[in-house]
Amino acid sequence: MLLKIVLSGMLQEIPGFKSLRPRVRQDPGFTARYCYSTWLRHLVASFKGGLQKIPEAVAELGPGDSLGTGLAAILSGAARFYALDILPYADSGQNLRVFEELVELFKARSPVPGNDEFPDLKPPLEDYPFPSWILSEALLKESLAAKRLEAIRQILKNTERKPVPGGLEIRYFVPWCDPGVIQEQSLDMIFSQAVLEHVTDLSLAYGAMSRWLKPGGWMSHQIDFKSHGTSKYWNGHWRYPSWAWDMITGKRKYFLNRQPCSVHLALHREHGFEITGELRYAATETLSRHQLASPFRNFSEADFSTSGVLIQSRKK
């Protein structure tokens, strides 16, 4: 296992060699239904946690293969969506296909696809009916109006993603390396799905999100602390000493930062966020403490047992 992973990292040194790192949501389940379920899970959990209205301006970190989750936010009533990624994975043709499928799901008021369809998708909900208590008939009449849908299609066909009359806007920033890509205090909500475990400079990312959000703005981040194929154990990536991990990482621009849950919680507070919800998950196939590399052996019991978390917060 170690030899295979190290060789994968070393291949990144070869000019022109395509990165072998796991891509965000590259599994076959990444469809319109996956995007629909992901967005509605974040939306429902956010409303139950204290979010009081549909956000007007939404951003997603690491949208992956399409802008589908953000398009689901637009179809839920948001006017502006900003997608931020490190490498250009989203495809305009796929965005249009996913959009049309999302429109049908919203028009049908389809239930949120649950654990029977996406058993590994987090966060879980108490139940999975269409959230009509959030997305009312009056709201959907406006968000699914034919003229509005056609305006969204025109934006998706326009590679420059310029705003169109009516305030609709969809922008794709790749790579985003500067917090100045989004206007300060212009966003109502930021969310991510299994992305922040890959971000190298977490302090920069949380600082940028603090700049972008309006006071009282909302964040919802699902973070996956598992080993992502670098070990058969969920916490096996903490077994490698730094020299071995450097070889595994190679020149990948986007891999695992190996930071535990407590680091994210501390950065929330450091950058002015009040944590409103924290839902942790545990996993089996666990290495014991003495099997981990020295920097990771002294994790708190909470960090040692947390394989994933949903953190929701509000900017003070």
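Details
- Counting only lysines at least 8 places from K214 when in the same chain, those with an alpha carbon closer than 28 Å to its own are K48, K53, K122, K141, K162, K315, K316.
- Options V174, V44, F106, ranked by Cα towards positive dipole end of region 33-179, top entry (Cβ charges): F106
- What the phi angles of region 105-121 give under the Karplus curve with 6.51, -1.76 and 1.60, with θ = phi - 60°, is a coupling list of 5, 5, 4, 7, 6, 5, x, 5, x, x, 5, 5, 8, 10, x, 9, 7 Hz, glycine and proline written as x.
- The sum of -39500 (n - 2.57) across all DSSP H runs of n ≥ 4, divided by the residue count of the chain, sets its helix-only mean residue ellipticity at 222 nm to -10000 deg cm²/dmol.
- Sites matching trypsin sites (Lys or Arg not before Pro) across region 216-284 that sit in DSSP coil, with at most 10 neighbouring C-beta atoms within 10 Å: K232
- Taking the charge dipole of the chain about its Cα centre, with +1 at Lys and Arg Cβ atoms and -1 at Asp and Glu Cβ atoms, the residue from F296, A79, T69 reaching farthest to the positive side is F296.
- Taken about its Cα centre, the chain carries a charge dipole of about 320 debye when Lys and Arg each add +1 at the Cβ and Asp and Glu each add -1 at the Cβ.
- ³J(HN,Hα) computed for each position of region 72-83 - Karplus, 6.51 cos²θ - 1.76 cosθ + 1.60, integer Hz, glycine/proline x: 5, 5, 4, 6, 8, x, 5, 9, 10, 10, 10, 9
- A protection proxy built from the mean count of other Cβ atoms within 10 Å ranks the segments 137-143, 72-78, most packed first, as 72-78, 137-143.
- Charge dipole of the chain about the Cα centre (unit charges at C-beta), most positive-ward option of S132, L202, S143: L202
- For region 252-258, putting each phi into the Karplus relation 6.51 cos²θ - 1.76 cosθ + 1.60 with θ = phi - 60° gives couplings of 4, 7, 8, 9, 9, 8, 6 Hz, in residue order, rounded to whole numbers and with x for Gly and Pro.
- Net charge, S46 excluded, C-beta distance under 12 Å - Lys, Arg +1, Asp, Glu -1: +3
- For G217, the residues whose modelled amide H falls within less than 5 Å of its own, excluding neighbours fewer than 5 places apart on the same chain, are K315.
- Extension gain (nm, one decimal) between S92 and R289, 0.36 nm per residue minus Cα-Cα: 66.3 nm
- Taking amide hydrogens as placed 1.01 Å from N in the peptide plane, the amide H of G62 sits under 5 Å from those of L84, D85, each at least 5 positions away in sequence or on another chain.
- Neighbours of A282, meaning other residues whose beta-carbon lies under 15 angstrom from its beta-carbon, give a summed charge of -3 when Lys and Arg score +1 and Asp and Glu score -1.
None of the figures in this text is laboratory data; all of them are computed from the coordinates on show. Owing to the predicted nature of the structure, the values given are computational and were not obtained by experimental measurement. Positions of Cβ are backbone-derived with ideal geometry, glycine not excepted, and every protein chain shown enters the neighbour counts.
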